[in-house]
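Asker: This is the structure, below, for whatever I ask next.
Bear in mind that the values in this text are calculations on the coordinates, not laboratory data. Predicted, not measured: the structure shown is a model, and the values here were computed from it. Positions of Cβ are generated from backbone atoms using ideal geometry, with glycine treated the same way; all protein chains shown enter the neighbour counts.
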Amino acid sequence: MTRRNAQLVGAGLALLLAWLVLFPILVVARDAADGTALRAFFGRAGEWAALWASVWISLASVALAAAIGVPLAFLFEWFDFPGRKTLGALVALPVVLPPLVGVIAFLFLYGESGFIARAVQALFGMPEAPWRLQGPAAILLVHAYSMYVYFYLFTRAGLAKLDVSMLEAAQALGADRWTTIRRVVLPLVRPSLVGAAILTFMTSLGSFSAPYIFGGGFRVMTTQIVATKLNGDLPLAMVETLALAVVAVAGLLLLRRTEGDDILVALGKGIAPRPRPIRRPAIRALATAAGWGFAVLLLLPHLTLALVSLVPYGAWTTEILPPVLNLENYRRLFSEAERLRPLLNSLWMAAVSTAAAVVLALAAGWLVVQRRVALRRAIEGLLALPWALPGTVFAIALAMTFSVHAPPLRWVLVGTVAILPLAYLVRALPLTGRALLAGYRQLDPALEEAAASLGAGRWRTLARVTLPQLRPGLAAGASLAFVAALGDIVASIVLYTYETRPISIEILSSLRLSETGVAAAFGVVLMVVSALVLGIGARR
Amino acid sequence: MSAFLEVQAIKKRWAHTVTVGPITLDIARGEIVALLGPSGSGKTTMLRLLAGFETPDGGRIVVEGEDVTSMPPARRRFGMVFQHYALFPHLDVGENVAFGLRGHADAGAKATEALRLVDLAGFERRKVQELSGGQQQRVALARALAPEPRVLLLDEPLSNLDPALRERTRRELRQLIKRVGITTVFVTHEQEEAFELGDRVAVLNAGHLEQAGAPDELYERPASLFVATFVGRANVFRGAAARALARDADLVVVRPERLRFATAGLPGVVRERRYTGAAAFFLIEIDGGERIEVLAEPDAATVGDRVFVEAERVIRIVENGR
């Protein structure tokens, strides 16, 4: 392809991405410039309370997740004890629980009619459930459980990159263990810690399922926006959406400033410290017991979900443990056409959006890294943009933009089968984009030149040399995108139609009908498919 | 002369088959000792045992009469320069050098002094990433010396420098260490480096100390075939050939420069000639198939000549069963 053609394709891709991810936000910004709505937003205490709640819940989630994830990472990366490898993998398990599934698992486990509450109630002969799983504490519990994994994985990756001679140098200079950690290790893994903090903050700010199910009267901005939209006050919903977007971007910029340079790249050579066996028997036993205890605690939600999914409708009333267990729910799920449909919907919509996101990311990687087109920074920025904004913001923006017929930019897509895959695609772009841009950057240009010198044409080089090398990044990015789409609730709840309703919506309506067994069975299916896809994506 | 640093039968077992030691070695105050050996010989393990990064499975390490065998590295007061320097990338040059001086009232002044010692005065606020390889090495040295350690340990100190720089740095390093007067142990796999930098060289092989001694002692009176062949070039003669050179010997070694062409001696044919300028190496195929190397005047012979080779000086080796 000639240089000029590449520039044209680059411009085309930039325009397409701008239309997909930037234009809807601009539509929201314009619609939010509405005097009445602005006055309503700034005048009502409830709006400020929701915005503040979003911020402090997110900051508290970061603190809690760090408090759990960072020490665990040190334990598993630096020390050796029986079961370290198995436990180290189990500890990352909350990742396979899509947000909504994790929330209902917590509901069945710790909720007022969950296993723990029933057991406590029976044990002490209480007339009522001992607690209600509601409000900020419940939200934080779920966030801590699902988000400490970010700190755990990022910190472990940072520690694994650490050069063992750095630690030995500190020791040889007279530093004890705590001084070494404080003055050498933590500064060196800071980029990882900040990365995890940003991810946790953004996820928490955009979190919808936990506040939606457990919030009760406690509103955060995401639930507030959806409630306002359902009430039909669209201009106010626009203002709220914009306010959340502003907070997200401000938070992102502030956190970024603490990141510093990735100095490890500059001097990083040598080998990571190997895990040290814990020798003192008492401490060794303690570490092992703590590790296994923690793993069981982490697995309880998964087990709960599996158990509840085996309870047929109406069979479990006041007993601590369900009296009847069978596969009735699964039979209904797979044999009743109306119940199978959400599953099929989610699968095809996730597949289509992931495929589209991969194609766009491949094109972007090629244009940005290899052809270095003039608009490369714009393309890269547009790919990353959806990551910087909570899912609710995009859901609302797409809902507004594509409910008006004004070609060529605006079409009525809301209510059609196209809107949900489009929304999933927008959310998937940062995941596939980041993975493939990184993959393209790591390519050794000499390999493509070698292929060319051996007589391979453009397509043969792409198929036999370039794509095989991009495969790990591509698989990782695509599997994350697929799982995110499969478990999505934020965009779905705003944009679904009865015909295209995905699994998460079906779980919510099953819960509303008190069909907890069916909801749990859907959750198990979602969990298993997510785990399989992530497992395939992580294979080297 | 009593030893300043005593290594007493130190031993480290890695697996059932891989063992380092027992090694015993006495090092005098202010002495520079090279640990020389091929990869896998246990020289790095020895250095790490001295530093305290590995715990020995037997034996003792004593400094100035104090047993430091089970003392953690942080309390040993041994300075170490790592192979890749291990400079802290998040600290600048001055902070790196002052790292080991925490608690000293005059840490800043001492860091400045250490940097001046390695000729890097005024580099305090530089980032370590901006320095050249040679400068990084000197910062690492300054950092190790700043807390005034009892012993200096160097892990392959010159391996990260390009060859042109290496020779000059070697001489400067030796001068610096001698000026400071610190007892030093360093690891290397290059004979030349060991000879030029070390007062004494300890040759290690397969986890055992083969011989420790001054460079000329190792070269002229190697204690084993390994030392003879690892340290310098060597022609090995066994059996009848050995007996032809030295009476009652089963195994002798002759350095190439100690062989010369003569009118009688071992008969052979010149197969190759490698010209090095001042002299040339001649590869001689002795009748009977063995090949030996002779260092002689460049015009002493030409390829294809039939020659006789005689030895000026032979080294007898007594094989000790290992």
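Asker: Can you figure out the FRET efficiency of A:Ala92 with A:Leu447, using R₀ = 30 Å and their beta-carbon distance, to the nearest 0.05?
Answerer: 0.40
Asker: Then there's this: Could you give me the ³J(HN,Hα) list for region A:167-183, computed from phi with Karplus coefficients 6.51, -1.76, 1.60 and θ = phi - 60°, whole Hz, x at Gly and Pro?
Answerer: The phi angles translate into 5, 5, 4, 4, 5, 4, 8, x, 7, 7, 4, 5, 4, 4, 4, 6, 9 Hz.
Asker: What is the sum of charges, Lys and Arg at +1 and Asp and Glu at -1, for the other residues whose Cβ falls under 13 Å from the Cβ of B:Thr45?
Answerer: +2
Asker: Would you pull out the residues with amide H under 5 Å of B:Arg126's amide H, same chain only if 5 or more places away, H placed 1.01 Å from N?
Answerer: B:Val93, B:Gly94
Asker: What does DSSP give for region B:5-229 in terms of the percent of beta bridges that are antiparallel, rounded to the nearest 5?
Answerer: Here the share of antiparallel DSSP bridges comes out near 50 percent.
Asker: Using alpha-carbon positions, what is the distance between the centroids of region A:279-354 and region A:4-49, in Å?
Answerer: Cα centroid of region A:279-354 versus Cα centroid of region A:4-49: 39 Å apart.
Asker: Please give the length that would be gained between B:Val269 and B:Asp57 if that part of the chain were fully extended, namely 0.36 nm times their separation in residues minus their C-alpha to C-alpha distance (nm, one decimal).
Answerer: Net length gain for the segment: 71.0 nm.
Asker: Also: Would you mind checking which residues have amide H under 5 Å from B:Leu204's amide H? H placed 1.01 Å from N; only 5 or more apart, or other chain.
Answerer: Under 5 Å from the amide H of B:Leu204: B:Leu36, B:Gly37, B:Glu210.
Asker: Still on this structure, I have one more. What is the distance in Å between the Cα centroid of region B:230-265 and that of region A:482-540?
Answerer: If we compute the Cα centre of each part, the gap is 83 Å.
Asker: So what are the ³J(HN,Hα) numbers for region A:95-111, from phi and the Karplus equation (6.51, -1.76, 1.60; θ = phi - 60°), rounded to whole Hz, Gly and Pro as x?
Answerer: Taking θ as phi minus 60°, the curve returns 4, 7, 8, x, x, 5, 5, x, 5, 6, 4, 5, 4, 5, 8, 10, x Hz for region A:95-111.
Asker: Next question. In whole angstrom, how far apart do the alpha carbon centroids of region A:54-105 and region A:401-449 sit?
Answerer: When both Cα centres are located, 30 Å separates them.
Asker: Then there's this: Rounded to the nearest 500, what is the 222 nm mean residue ellipticity of chain A from helices alone, with -39500 (n - 2.57) per DSSP H run of 4+ residues and division by all residues?
Answerer: It comes out at -23500 deg cm²/dmol, rounded to the nearest 500.
Asker: Still on this structure: What is chain B's relative contact order, in percent, from Cα pairs under 8 angstrom and six or more apart in sequence?
Answerer: 16 percent
Asker: Right, here's the next one. Give me A:Leu252, A:Leu123 ranked fewest to most by other Cβ atoms within 10 Å of their Cβ, as a rough exposure proxy.
Answerer: If I rank by nearby Cβ atoms, fewest first, I get A:Leu123, A:Leu252.
Asker: Charges on Cβ only, +1 for Lys and Arg, -1 for Asp and Glu, centred on the Cα centroid of the protein assembly as shown; of A:Leu462, A:Leu286, B:Val187, which one is farthest towards the dipole's positive end?
Answerer: The Cα lying farthest towards the positive end belongs to A:Leu462.
Asker: Can you compute the charge dipole magnitude of the protein assembly as shown about its Cα centre, using +1 on each Lys and Arg Cβ and -1 on each Asp and Glu Cβ, nothing else charged? Give it in debye, rounded to the nearest 20.
Answerer: Dipole magnitude for the protein assembly as shown comes out near 1000 debye.
Asker: Shifting gears a bit: Would you calculate a helix-derived [θ] at 222 nm for chain B, using -39,500 (n - 2.57) for each DSSP H run of n ≥ 4 and dividing by the full residue count, to the nearest 500?
Answerer: Rounded to the nearest 500, the figure is -7500 deg cm²/dmol.
Asker: Can I ask one more? Each residue of region B:123-139 in turn: what ³J(HN,Hα) in whole Hz from Karplus with 6.51, -1.76, 1.60 and θ = phi - 60°, glycine and Pro shown as x?
Answerer: 8, 3, 8, 6, 7, 5, 5, 7, 7, 6, x, x, 5, 4, 4, 6, 5
Asker: Something else: Using Cα pairs closer than 8 Å and at least 6 residues apart in sequence, work out the relative contact order for region B:234-316, in percent.
Answerer: Relative contact order here is 36 percent.
Asker: Further, regarding this structure: Taking 7 Å along the Cα-to-C-beta vector as the label spot, tell me the B:Glu217-B:Asp287 distance in nanometres, rounded to one decimal.
Answerer: 4.2 nm
Asker: OK, next. Out of B:Gly59, B:Gly181, B:Gly289, any idea which swings most in a Gaussian network model of chain B, alpha carbons joined below 10 Å?
Answerer: Result: B:Gly289 has the largest fluctuation of those listed.
Asker: Which percent, to the nearest 5, of DSSP beta bridges fully inside the protein assembly as shown are antiparallel?
Answerer: Within the protein assembly as shown, antiparallel bridges account for around 70 percent of the total.
Asker: For an R0 of 51 angstrom, estimate the FRET efficiency from the Cβ-Cβ distance between A:Leu38 and B:Lys127 and round to the nearest 0.05.
Answerer: Calculated value: 0.55.
Asker: For A:Leu367, what is the net charge nearby, where nearby means another residue's Cβ is under 11 Å from its Cβ and Lys, Arg count +1, Asp, Glu -1?
Answerer: +2
Asker: Return the FRET efficiency for the residue pair A:Trp292, B:Ala15: r is the Cβ-Cβ distance, R0 is 35 Å, and the value is rounded to the nearest 0.05.
Answerer: 0.75
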